[in-house]
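Everything on this sheet refers to the single structure shown next.
Only the coordinates and a few stated rules stand behind these numbers; no lab work does. Computed from a predicted model, the values in this text were never measured in an experiment. Here the Cβ positions follow ideal geometry from the backbone for every residue, glycine too, while neighbour counts run over all protein chains shown.
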Amino acid sequence: MLRKKLSVLLAAAMVAAAVVGCGGADQAAAPADNAAPAEEAAPAEDAAPAEDAEAGDAEAGDAEAAPAASGDVITVGYAQVGHESDWRTANTKNYQDVFSAANGYELSLIDCDNDNAVQLEAVRNFITQQLDYIIIAPIETAGWDTVLQEAQDAGIPVIIADREIDADASLYDAWVGTNTKNEGVTAGNWLAEYLDGKEANILVIEGSVGASAALGRSEGFNEVAEQHSEWKILDSQSGDFTQDGGQEVMESFIKSYEGQFNVVVCHNDNEAYGAMDAMNAAGITYGVDGDVILISFDATHDGLQYTLDGKINCNVECNPIQAAVVAEVIQKMQNNESYDATTLVNDEAFVAPGIESQYATTMTEDILAGRAY
Ligand code: GYE
């Protein structure tokens, strides 16, 4: 049933970012400007628990208190980035599992195919439909003010998930995601430790242009690179977080820089698969026994398989399993309880067998067996 949520209670006591996940790599505080506005509002009328609602993930915690009055469902719109990567596929499935009918939700998940205009339209449709909550995984950081104002005017709470946006934090209600700048710093720190003063001639295959996940990883990695006069970033181009994109960029890098580079940094696993295909075709060796050090991000199952096989030297995790945390925030909003305005899903990093690192865990069969996505 469609119901316009008139208001939510945003307790003044917004507590510090809650950290969930597996820990490991050093993660600083969540993005500083994500504190939601403190604002009092009347309780929603229909916050009574429903029967049989249970969270789809062990981490949902409070979500066991059911979402809505019996027969009532919570309508949720998720404007998803697209289907560019294995990470994204896992994230989509996770939302479908957690925001299920059995858990008391009606989820409208729109695959925006990495197109900003489509994503803005999806959010506007959610507003027109007067859904109870809107979740946005923003394709780009920029351009959100107007539509967020429209959602606020309509009284619909918005949760920004996965990536970050430039908009003022007063324009949305909560943020859940990972600290991609720290992921970049971890990759840089690991490389410095591994090279131990040796020269690095680096090629970077970035994620999608304007995406906070790409901007953050570059910013973090560059911060470390700047401290190393023996490192040179030869080139940095977007592979759009896709395997095809990674392959194309790597092919053109090979044309321009063959014989000149010894490090390739890919902003996600899919790009790394494409880069490996391009290097295979050109007879360039990579990984622990190769000429090129290969760094990747995401640490999906297949990415970790390549890490275990010694083809990817270091793989920095980014956890796509975020829906239960978002559901918990929604449950708290629904029950007029205070909630965390910012929730950081923590990440760690993994290195190939034979590598020991203070920044990353050495891969094993057991770690791989435990990786479902
Ligand atoms: O790393 C990539 C995906 O936003 C963190 O988006 C996410 C990134 C992830 O396409 O694989």
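What the table shows:
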item	result
Net charge over other residues, Cβ less than 10 angstrom from the Cβ of residue 304 (K, R count +1; D, E count -1)	-4
Positive-end residue of 284, 350, 363, charge dipole of the range 224-373 with Cβ unit charges	350
Inter-label distance, nm, simple model (7 Å from Cα along the C-beta direction), residue 251/residue 196	3.9 nm
Footprinting exposure proxy for 195, 215 (fewest neighbouring C-beta atoms within 10 Å first)	195, 215
Where GluC sites (Glu not before Pro) fall in DSSP loop in the range 230-283, at most 11 other Cβ within 10 Å	230, 258
Normalised alpha carbon radius of gyration of the range 197-240 [divisor 2.2 N^0.38 Å]	1.19
√(5λ) per eigenvalue of the Cα gyration tensor, the range 66-161, largest first, Å	21, 18, 9
Proxy reagent accessibility, fewest Cβ within 10 Å first, across 180, 362	362, 180
Percent of Cα-Cα distances greater than 15 Å, calculated over the range 264-327	48 percent
Sequence-separation-based contact order of the range 285-356, relative, with Cα cut under 8 Å and 6+ spacing, percent	35 percent
Total formal charge among the other residues, if their Cβ is under 13 angstrom from that of residue 150, Lys/Arg +1 and Asp/Glu -1	-2
Cα centroid separation - the range 311-373 against the range 261-284, whole Å	24 Å
